[in-house]
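The values are calculated or read from the model by the stated rules, or taken from the named source; none is laboratory data. Just so we're clear, the structure is a prediction, and the values are computed from it rather than from any experiment. Reconstructed Cβ throughout: ideal geometry from the backbone, glycine too, with neighbour counts over all protein chains shown.
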Amino acid sequence: MTPRYRAAIIACGHIARAHHLPAYRKISRVDFVAGADISPEIRANWESELGVPRMYADAVEMLEKEKPDVVSICCWPPLRPELTELAADAGVKLIVAEKPFAIDIAGADRMIAAAKRNGTLLIVGHQRRYHTRYSTAKELINAGAIGDVVQVSGLSGIPTRGGDMLTGGTHTIDAVRFLASDPPVDWVVGQIDRRDPGFTNAPVGLQQWEETGRRYGHHVETGAFGVIQFKNGVRGTIENGIMGRRAGWAALVYGTDGMIEIAPDQPSEGEPWVRAHIKGMAGWQVPEVIPNDPFQAEIEAALDVLEKGGQHPLDMYAAREVHLITMAIFESARRRARIDWPFEISESPLEAMIQAGEI
C-alpha cells in the first residue's frame, strides 16, 4: 500500500499560497491538513477561501496537534533556521525549506544539524531544475546533442527591475549547477551593486526597502555578476538583478558542437520553451516541452526518497553548496579577488560589508 503523508505549511504568505499549497493538493498520497501563520487575516482566508481544515497562530501548537509528516517552511529567511529546527525536532520526516537556505552559512549549518540529529530529509525550494524545460535541455546535453558543455549562463533580472542573490539568484546558481551536471567548484569570482534600480516599499518583501535596504528582513544587493569555474572544466556565469539580461530564470548552454536556449518562466509571445542548435542538424531544433508544476515534481521526488532511499538532488548538502557559492560571490566583491575552493565562511560577507560601511 502506498504510504500517505500529512502535510502542513509554516508561514502562509504569497509563495505558500501560489506554489506550495497547490503542489501538495496535486499529490495523491498527500493530505494537506493545516497551516500556521501569525496573521489573523491569512488564517481566516486560508480556512474560508482555500478550504484548509485547520489554521494555527502558533507553529508549535500546529506541530504538536497535527503531527505532520511533511512541512514547507515559507517564512522570511532570517527565521528559517529556527523554524527548521522546530519542525525537525518535532519529528517531521520531510522539510521543504524555501530559498534562500538561510542568510549565511552559520544559519544553513544549524538547519543541517537539526535535520541530521532527527533523521529528517531536508530539501530546498530550488524547484526550477524540475521544470520540464530544464529537464528537456538536460536530456539533450546528456545525449551529446551539443557536444561537450563549455559554458552555462544563468540569466535572471533586468536593469529596470533589479533583483538580489538571496531572493532569486540562488535559483540561478542551482540551474547552472544542474546544466553543468552538478560538479564540484574550483573557484568563484564576482561583483555586486547596491544602487536602487526602482525598488519601492512593496508588499512582497520590500516593505522597508527605502528606509533600511532590506528585503524579507535582511540586507540585499540589487545586482550581481558571478563566474563559477567548475572542476569538470565547465564555466558558469550568473547575471542577476541590474546585471541581468532577462527576467524569469532563462539560461544559455554552449557546447563544442552546438548550443541550447532555455526560456524564462514566462516566455515571450511565440518563444519556445527550449530551442537548440544540435550537432549535425541545420537551424534551430525545437523539442516538445509540456509545462509541469516543478514544486509538485520536487516534492514527489522527495517522497520517493523517503520510501525507497537514495539522495535528493536538492537536499541540504546541495543547498549548502549553492549558498556557499552565493557567499563566495559576496566575498569576492569584498576582497576584490578570486575565491578558491575549498572555501568556508560562517558570516554573510554582504552583511559584513554593509555593517562596516564599505558599501
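On the basis of being modelled with pLDDT of 95 or more, assigned to a strand (DSSP E or B) and of a type outside the set (Asp, Glu), does Leu83 make the cut?
The answer is no for Leu83.
Within the set of pairs 6 or more residues apart or between chains, which connect a residue that is surrounded by 23 or more Cβ atoms within 10 Å (Cβ to Cβ) inside the range 126-141 to a residue that is part of a helix (DSSP H, G or I) and among the β-branched types (Val, Ile, Thr) with Cβ atoms less than 7 Å apart?
Partner pairs satisfying both residue conditions: His126/Thr170; His126/Val322.
With the condition kept exactly as written, say whether any residue in the range 264-275 is farther than 30 Å from Ile354 by Cα, part of a strand (DSSP E or B) and either in contact with a Gly (Cβ under 9 Å, 6 or more places away or on another chain) or in contact (Cβ under 8 Å) with a residue 60 or more places away in the chain (or both).
Taking the range 264-275 as the starting set, the residues that turn out to be farther than 30 Å from Ile354 by Cα are 264-275.
With part of a strand (DSSP E or B) added as a condition, the list becomes 274-275.
This time we only want the ones that are either in contact with a Gly (Cβ under 9 Å, 6 or more places away or on another chain) or in contact (Cβ under 8 Å) with a residue 60 or more places away in the chain (or both), so: 274.
Looking for residues that are farther than 30 Å from Ile354 by Cα, part of a strand (DSSP E or B) and either in contact with a Gly (Cβ under 9 Å, 6 or more places away or on another chain) or in contact (Cβ under 8 Å) with a residue 60 or more places away in the chain (or both), one finds at least one in the range 264-275, hence yes.
Just checking, does the range 142-149 include any residue being in a helix (DSSP H, G or I), surrounded by fewer than 22 Cβ atoms within 10 Å (Cβ to Cβ) and assigned by TED's automatic domain parsing to the domain that holds Ile329?
Yes, that holds for at least one residue.
Report the residue count in the range 243-266 for those that are surrounded by 24 or more Cβ atoms within 10 Å (Cβ to Cβ) and out of contact with any helix residue (DSSP H, G or I) (no Cβ under 8 Å at 6 or more places or on another chain).
The qualifying residues number 2.
Here is a list of conditions, (1) out of contact with any helix residue (DSSP H, G or I) (no Cβ under 8 Å at 6 or more places or on another chain); (2) among the small types (Gly, Ala, Ser); (3) crowded, with 22+ Cβ neighbours inside 10 Å, and Gly280 meets all of them except one; can you say which number that is?
Among (1) out of contact with any helix residue (DSSP H, G or I) (no Cβ under 8 Å at 6 or more places or on another chain); (2) among the small types (Gly, Ala, Ser); (3) crowded, with 22+ Cβ neighbours inside 10 Å, the lone unmet condition for Gly280 is (3).
So how many residues does the range 333-357 have that are among the polar types (S, T, N, Q) and either surrounded by 14 or more Cβ atoms within 10 Å (Cβ to Cβ) or at pLDDT 95 or above (or both)? Break it down into steps so the answer makes sense when it comes.
So the first thing to find is which residues in the range 333-357 are among the polar types (S, T, N, Q), and the list is 346, 348, 355.
Retained after the next criterion (residues that are either surrounded by 14 or more Cβ atoms within 10 Å (Cβ to Cβ) or at pLDDT 95 or above (or both)): 346, 348.
Qualifying residue count, the range 333-357: 2.
Of the residues that make up the range 13-29, is at least one farther than 25 Å from Asn292 by Cα, among the aromatic types (Phe, Trp, Tyr) and either at pLDDT 95 or above or assigned to a helix (DSSP H, G or I) (or both)? Don't jump to the end; show me each part of the working.
Keep residues of the range 13-29 that are farther than 25 Å from Asn292 by Cα, which gives none.
Within the range 13-29, none of the residues are farther than 25 Å from Asn292 by Cα, among the aromatic types (Phe, Trp, Tyr) and either at pLDDT 95 or above or assigned to a helix (DSSP H, G or I) (or both).
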